[in-house]
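Working notes, structure below.
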Amino acid sequence: MIQTDRETFQMMLHQIMERFDRIEDRLSRMNRQTSALDGDKLLDNQDMCELLGITKRTLARYRQKKLVTYYMIDGRTYYKSSELEAFLNQKGRRLPARLKKQMEN
């Protein structure tokens with residue numbers, strides 16, 4: 001069994017509490033972002049690539065050419081699921097029913 005003195009214990013407890021505070025801040029920021037996006041489900045690059053059947057580089061080209069709308073949140077790229085459907089409609093494609101159901105969950 002490891003024994004620690006009171007000062008070491010207090011320091012460790014302080015570090016744990018700081019970590020909880022950071023997690024709480026991040027969660028509240030995520031909640032604000034979701035409400036700012038009208039509660040729409042957010043997709044990341046991997047989700048988009050899988051749903052569209054394209055590579056990450058192709059998706060980057062779509063962003064460069066402004067074919068898809070994207071949002072930068074905490075240095076990460078996200079897309080609204082409703083805008084994915086609009087993009088597919090524009091291309092004359094439809095989202096398969098099983099994927100549409102998966103996005104709603």
query: So what J values fall out for the range 64-71 if you push phi through Karplus, 6.51 cos²θ - 1.76 cosθ + 1.60 with θ = phi - 60°, rounded to Hz, Gly and Pro as x?
result: 4, 7, 6, 7, 10, 8, 9, 10
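If you take the beta carbon distance between THR58 and GLN3 as r and set R0 to 41 Å, what does 1/(1 + (r/R0)^6) give as a FRET efficiency, to the nearest 0.05?
Details: r = 58 Å, r/R0 = 1.41.
Approximately 0.10, to the nearest 0.05.
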- request: Return the sequence-ordered ³J(HN,Hα) values of the range 86-91 in whole Hz as given by the Karplus equation 6.51 cos²θ - 1.76 cosθ + 1.60 applied to θ = phi - 60°, using x for Gly and Pro.
  value: 5, 4, 5, 4, 4, 7
task: Please work out the Cα center distance from the range 50-77 to the range 3-25, rounded to the nearest Å.
output: 39 Å
- prompt: Per-residue HN-Hα couplings for the range 3-8, Karplus 6.51 cos²θ - 1.76 cosθ + 1.60 at θ = phi - 60°, whole Hz, x for Gly and Pro?
  reply: 10, 10, 7, 4, 5, 5
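Rule-based calculations on the coordinates, nothing more; no lab input. Owing to the predicted nature of the structure, the values given are computational and were not obtained by experimental measurement. For neighbour counting, all protein chains shown are included, and Cβ atoms are generated from backbone atoms with ideal geometry for every residue, glycine included.
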